[in-house]
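Take a look at the structure set out below.
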Amino acid sequence: MRWIRAAGRGLLVAAVVVSGYVAKDASGVGARDDGRGPMTLATAGDLTDYLGPLLAGWNRTHPDEKVTLVELPDSADETHAQMVTELRSDRGRFDILNIDVAWTPEFAAAGWISPLDRDRFPLRGFLPPVVGTATYDDKLYAVPYVTNAGMLFYRKDILDREGEQPPRTWRELERQARTIAPKHGLGGYAGQFLPYEGLTVNAAEAVYSAGGSILGDEGERVTVDSAAARDGLGFLARGVRDGWIPREALTYKEEESRKAFQNGRLLFLRNWPYAYAGISGKTSEVAGKFGAVPLPGADGPGTSVLGGSNLAVNADARHPDSAADLIAYLTSEPVQRKVLTEGAQPPVLAALYRDPDLVREYPYLPALRTSVLAAAPRPKSPRYDQVSLAVQAVAHDAMAQHQSPAAAVRRLARELAAIARRQG
Ligand code: GLC
């Protein structure tokens, strides 16, 4: 198959050289020799189903540069696996990749994505930390598109009835989850605890929120062997052991955890802001009965992991100029506004967080901006995939009571050191 494609491309080039202009590509639409033409955009599952209609807007005004959306699974790890398989075997199939912010170094170091021209995108208007997730080796390898920070959703109706405030520390959360939730027939607390990237995020947040860290910035120095990391994993493991984290939560990704809260089964939920739309929607059992606050930490406010995704151009993209234009469109003000109003995803454009109309409609915006600005990025490692697998595995073992938090942290330190050695 590959050689047929390659031969096809050769013919295309020949046709272009001879005629100076158009050939037909596989989609049957005219492809020109100036880097312009149709393209595909691959993304992880679109949890709020807004990307199709959004891209239809582009397609209406760009009939020769239409974009086809390829939706991969909801789980970040499965999407990562499929993208990497494609990039390794048939590099041209996805022209634009909506990649998790954590993957930029890996994709850039592997040569799968092209450096981009900084002047072509409105980087100065973005929230500053998001630009850092798109750069590697001092070059811009992707353009921030959506940002993310974890929030704590809580049942306001129940805490009000009990004369309680939403928790700001783990001690408060733990007490309320342990004593109040069962009185109301609810599970206490859940996040994304299935072993996949979501668990890496939740475990990292627990470690950071206790004042610890996992790796030094570029992934070469292992810093996880600390009392803070033991406290962080200890918090999650104790929740399962003592029953205020329901065991079922060990199978949750974003959507399962959202539904559990939305169906009135949980007192507290850690999730991304996208969940706000569903939880306040028509089919929610708890619409009008919940609130959202920053994540609590060991002794005070917690620290979220910086989430979100960046748009990157495949190094073998068929039409890189159209791809860059599409990325500029997706990061323009009107489209970034729709990312929030239609996609319920946090935009990367800073000004939108101060827009009075939007703040009225999305009251969590100012708190979210603060959380994003204070969020901790994941380590910038070209081996991030392996780092994440190690974190997930030990966090899962600690939560499933297979290993004590102290032993889990020691094991993680050893595994991360082995990954760093391979990288060096
Ligand atoms: C969200 C975040 C992403 C994170 C993932 C984990 O999609 O935006 O950064 O890796 O959740 O499940």
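The values are calculated or read from the model by the stated rules, or taken from the named source; none is laboratory data. Not measured: the values here are computed from a predicted model. Cβ atoms come from the backbone with ideal geometry, glycine included; neighbour counts cover every protein chain shown. The area values use the complete protein model at the heavy-atom level, side chains included, leaving out ligands, DNA and RNA. Shrake-Rupley method; radii C 1.70, N 1.55, O 1.52, S 1.80 Å.
Tell me which of these Gly343 doesn't satisfy, since it passes every other one: (1) surrounded by fewer than 23 Cβ atoms within 10 Å (Cβ to Cβ); (2) part of a helix (DSSP H, G or I); (3) modelled with pLDDT of 95 or more.
The failed condition is (2).
Quick check: is even one residue across region 111-134 closer than 24 Å to Met39 by Cα and within 16 Å of the ligand (Cβ to nearest atom)?
Scanning region 111-134, I find at least one residue that is closer than 24 Å to Met39 by Cα and within 16 Å of the ligand (Cβ to nearest atom), so the answer is yes.
Within region 289-305, take every residue that is outside any strand (DSSP E or B), small (Gly, Ala, Ser) and open to solvent by 20 Å² or more (accessible area, probe 1.4 Å) and give me the one that is farthest from the ligand (Cβ to nearest atom).
In the first step, residues of region 289-305 are kept if they are outside any strand (DSSP E or B); the result is 289, 295, 298-300, 302-304.
Next, from what is left, pick out any that are small (Gly, Ala, Ser): 298, 300, 302, 304.
Going one step further and asking which of them are open to solvent by 20 Å² or more (accessible area, probe 1.4 Å), we end up with 298, 302.
Values: Ala298: 22, Gly302: 17 Å.
Going through the qualifying residues, I end up with Ala298.
State whether the residues of region 131-145 include one that is free of Cβ contacts under 8 Å to residues at least 24 places away in the same chain and surrounded by fewer than 20 Cβ atoms within 10 Å (Cβ to Cβ).
yes
Okay, residues lined up against (1) assigned by TED's automatic domain parsing to the domain that holds Tyr384; (2) within 15 Å of the ligand (Cβ to nearest atom); (3) surrounded by fewer than 17 Cβ atoms within 10 Å (Cβ to Cβ):
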{"position": "Arg221", "(1), (2), (3)": "yes, no, yes"}
{"position": "Ala229", "(1), (2), (3)": "yes, no, no"}
{"position": "Ala237", "(1), (2), (3)": "yes, no, no"}
{"position": "Arg241", "(1), (2), (3)": "yes, no, yes"}
{"position": "Glu255", "(1), (2), (3)": "yes, yes, no"}
{"position": "Asn263", "(1), (2), (3)": "yes, no, yes"}
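Specify the residue that is nearest to the chain's Cα centre (by Cα); the eligible residues are those in region 57-76 that are away from the ligand (no atom under 16 Å from the Cβ) and open to solvent by 70 Å² or more (accessible area, probe 1.4 Å).
Going residue by residue through region 57-76, those that are away from the ligand (no atom under 16 Å from the Cβ) are 57-70.
Adding the requirement that they be open to solvent by 70 Å² or more (accessible area, probe 1.4 Å) leaves 60-61, 63-64, 66, 68.
Values: Arg60: 29, Thr61: 29, Pro63: 31, Asp64: 31, Lys66: 26, Thr68: 22 Å.
Residue satisfying both the conditions and the ranking: Thr68.
Return only the number of the condition from (1) in contact with a Gly (Cβ under 9 Å, 6 or more places away or on another chain); (2) in contact (Cβ under 8 Å) with a residue 40 or more places away in the chain; (3) open to solvent by 20 Å² or more (accessible area, probe 1.4 Å) that Val286 does not satisfy.
Against the list (1) in contact with a Gly (Cβ under 9 Å, 6 or more places away or on another chain); (2) in contact (Cβ under 8 Å) with a residue 40 or more places away in the chain; (3) open to solvent by 20 Å² or more (accessible area, probe 1.4 Å), Val286 comes up short only on (3).
Would a scan of region 77-90 turn up a residue that is open to solvent by 80 Å² or more (accessible area, probe 1.4 Å), among the basic types (Lys, Arg) and over 20 Å from Ser388 (Cβ atoms)?
No, that holds for no residue.
Looking only at helices (runs of 4 or more DSSP H) that fall completely inside region 173-272, which ones have 1 or more residues that are at pLDDT below 95 and out of contact with any strand residue (DSSP E or B) (no Cβ under 8 Å at 6 or more places or on another chain)?
In region 173-272, no matching helices (runs of 4 or more DSSP H) lie anywhere.
Every residue, every condition in (1) more than 16 Å from the ligand (Cβ to nearest atom); (2) modelled with pLDDT under 95; (3) in the same structural domain as Ile113 (by TED's automatic domain parsing); (4) more than 28 Å from Ala109 (Cα to Cα), yes or no:
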position: Ala312; (1), (2), (3), (4): no, no, yes, no
position: Pro320; (1), (2), (3), (4): yes, no, yes, no
position: Ala324; (1), (2), (3), (4): yes, no, yes, no
position: Tyr329; (1), (2), (3), (4): yes, no, yes, no
position: Glu333; (1), (2), (3), (4): yes, no, yes, yes
position: Pro347; (1), (2), (3), (4): no, no, yes, no
position: Ala350; (1), (2), (3), (4): yes, no, yes, yes
position: Pro356; (1), (2), (3), (4): yes, no, yes, yes
position: Ala367; (1), (2), (3), (4): yes, yes, yes, yes
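What's the number of the condition Gly308 fails, among (1) open to solvent by less than 20 Å² (accessible area, probe 1.4 Å); (2) free of Cβ contacts under 8 Å to residues at least 24 places away in the same chain; (3) outside any helix (DSSP H, G or I)?
All conditions pass for Gly308, except number (2).
Looking only at residues in region 176-201 that are within 19 Å of the chain's Cα centre (by Cα) and surrounded by fewer than 24 Cβ atoms within 10 Å (Cβ to Cβ), which one is farthest from the ligand (Cβ to nearest atom)? Step through it out loud before you land on a result.
Kept after step one, since they are within 19 Å of the chain's Cα centre (by Cα), are these residues of region 176-201: 190-201.
So of that shortlist, the ones also surrounded by fewer than 24 Cβ atoms within 10 Å (Cβ to Cβ) come out as 194-196.
On the way: Leu194: 9, Pro195: 11, Tyr196: 7 Å.
So the residue we want is Pro195.
Here is a yes/no grid of residues against (1) among the hydrophobic types (A, V, I, L, M, F, W, C); (2) more than 28 Å from Ser257 (Cα to Cα); (3) part of a strand (DSSP E or B):
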site	(1), (2), (3)
Leu55	yes, yes, no
Glu65	no, yes, no
Pro73	no, no, no
Glu78	no, no, no
Ala81	yes, no, no
